[in-house]
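Quick notes on the structure that follows.
The values are calculated or read from the model by the stated rules, or taken from the named source; none is laboratory data. Keep in mind it's a predicted model, so treat the numbers as computed, not measured. In this analysis, Cβ positions are derived from the backbone assuming ideal geometry, glycine residues included, and neighbour counts consider all displayed protein chains. What goes into the accessible areas is simple: the full protein's heavy atoms, side chains included, and nothing from ligands, DNA or RNA. Shrake-Rupley method; radii C 1.70, N 1.55, O 1.52, S 1.80 Å.
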Amino acid sequence: MSNPVAPKFLIRLLGLCKTFGAQRALDQVSLDIYPGEGVALLGATGAGKSTLVKILSGTLAPDAGELWVDGQRQRFTSPLSARRVGIVAVHQRPDDGIAPGLSVAENLLLDELGQPDADFLLNRKNLLQRAEAIAAGLGLDLPLQHPVERLGQADRQLLVLARAFAQKPRFLILDEPTAALSEADAESLLGLIDSQRTRGVAILYISQRLSDLQRVTNRAIVLQEGRLTSDLNTRHLPSAAYTLFGDAAEQPAVIPDKTLPVPFLERFTRAGFIRNRAEGRAVQEQVAGLSSSVAPIDVPTPGKNNHP
Ligand SMILES: Nc1ncnc2c1ncn2[C@@H]1O[C@H](COP(=O)(O)OP(=O)(O)OP(=O)(O)O)[C@@H](O)[C@H]1O
């Protein structure tokens, strides 16, 4: 007989497989994640972490297996389709989630700007008020009216995370979110993650920083050569992590200095403002597509007179 008080899973993966040529990136991965859980995703280089994240966030389709969200089978065709059911991924490079040429406020609301009911945001005053409300709700002090290019690396990371939180996700995937942050900024971010978890948001957290993992996760899963080999309480993580990664477990990640290609934004940049819903949607789709690109993007830095 089923237990009537057993918690209901938010995410269920059944036998996920993904192969690239001869390389098996994921092999029969099955997993349940419950509302409010903080789950650390661990694995050595090439273990399949990014592949799993891409499948969960709608960038890649699995070759086999099932993905269920809140009792419904899903077949994502894009990051937008994953977002519609509450799955939001923040990738490691903060600039992947930034649209240059726009203000901090517009970047904060980028995901709302392309939505059918977003017309009210196309008024600058409304947009600013909405952005202020979001930033205040998250306790973030961001210069909302400034061009986004003026933000330093840490504020860019906070902006990208605030944007993710603003979408009211049910399942948030965070890839090394504190790597660019000072200790104080990292602490406020970890506090924000705690408050999301308290509200029932489940977190999948990729990091090599044990201190972060112990702070925001209760459970750790380990991928090895595409297979899920361990599922343990985070309390037991230190010994397991050192077995798996040795000294690398405490080394901070290095964020490559890459930025988005900007040509597609030039006409928005000239106006300095998104003028209608179609433009909002175009920017949103471009940023979503770029942030989930499989290959790293080698591009010129904006503002250095190197547009094609
Ligand atoms: N687009 C691709 N084409 C070919 N092989 C790929 C592709 N993406 C991933 N792979 C391969 O699949 C395996 C899993 O890669 P994946 O990037 O998911 O690992 P990872 O755990 O995220 O590694 P890292 O920590 O280095 O990011 C690796 O052997 C990788 O080379």
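Of note:
- Here P116 clears all of (1) under 26 Å from T59 (Cα atoms); (2) open to solvent by less than 10 Å² (accessible area, probe 1.4 Å); (3) at pLDDT below 85 except the condition numbered (2).
- Which numbered condition E106 fails, given (1) among the acidic types (D, E); (2) modelled with pLDDT under 85; (3) open to solvent by less than 10 Å² (accessible area, probe 1.4 Å): (2)
- Of all residues in the stretch 69-92, those satisfying the criterion of being in contact with a strand residue (DSSP E or B) (Cβ under 7 Å, 6 or more places away or on another chain) and either assigned to a loop (DSSP other than H, G, I, E, B) or aromatic (F, W, Y) (or both) are V85, G86, H91, Q92.
- Count - residues of the stretch 185-208 that are under 30 Å from Q23 (Cα atoms) and open to solvent by 50 Å² or more (accessible area, probe 1.4 Å): 1
- The stretch 27-55 residues that are modelled with pLDDT of 95 or more, paired with ones that are within 10 Å of the ligand (Cβ to nearest atom) and open to solvent by 40 Å² or more (accessible area, probe 1.4 Å) (beta carbon under 8 Å, 6 or more apart): D27/E225
- Contacts under 6 angstrom Cβ, first residue in the stretch 206-226 being within 20 Å of D32 (Cβ to Cβ) and part of a loop (DSSP other than H, G, I, E, B), partner of a type in the set (K, R) and open to solvent by 10 Å² or more (accessible area, probe 1.4 Å), 6 or more apart: G226/R24
- Matching residues, the stretch 23-68, being part of a strand (DSSP E or B), among the charged types (D, E, K, R) and more than 10 Å from the ligand (Cβ to nearest atom): D27, D32, E66
- Of the residues R163, R156, the single one that is farther than 25 Å from E37 by Cβ, part of a helix (DSSP H, G or I) and either open to solvent by 30 Å² or more (accessible area, probe 1.4 Å) or out of contact with any Pro (no Cβ under 8 Å at 6 or more places or on another chain) (or both) is R156.
- When L174 is tested against (1) outside any helix (DSSP H, G or I); (2) buried (at least 19 other Cβ atoms within 10 Å of the Cβ); (3) within 19 Å of the chain's Cα centre (by Cα); (4) free of Cβ contacts under 8 Å to residues at least 60 places away in the same chain, only condition (4) is not met.
- Of the set (1) surrounded by 21 or more Cβ atoms within 10 Å (Cβ to Cβ); (2) at positive phi, all apply to A40 but (2).
- Screening F20 against (1) within 8 Å of the ligand (Cβ to nearest atom); (2) within 16 Å of L172 (Cβ to Cβ) leaves a single unmet condition, (2).
- Among the residues of the stretch 14-27, those identified as surrounded by fewer than 22 Cβ atoms within 10 Å (Cβ to Cβ) and out of contact with any Lys or Arg (no Cβ under 7 Å at 6 or more places or on another chain) are L14, G15, C17, T19, F20, G21, A22, Q23, R24.
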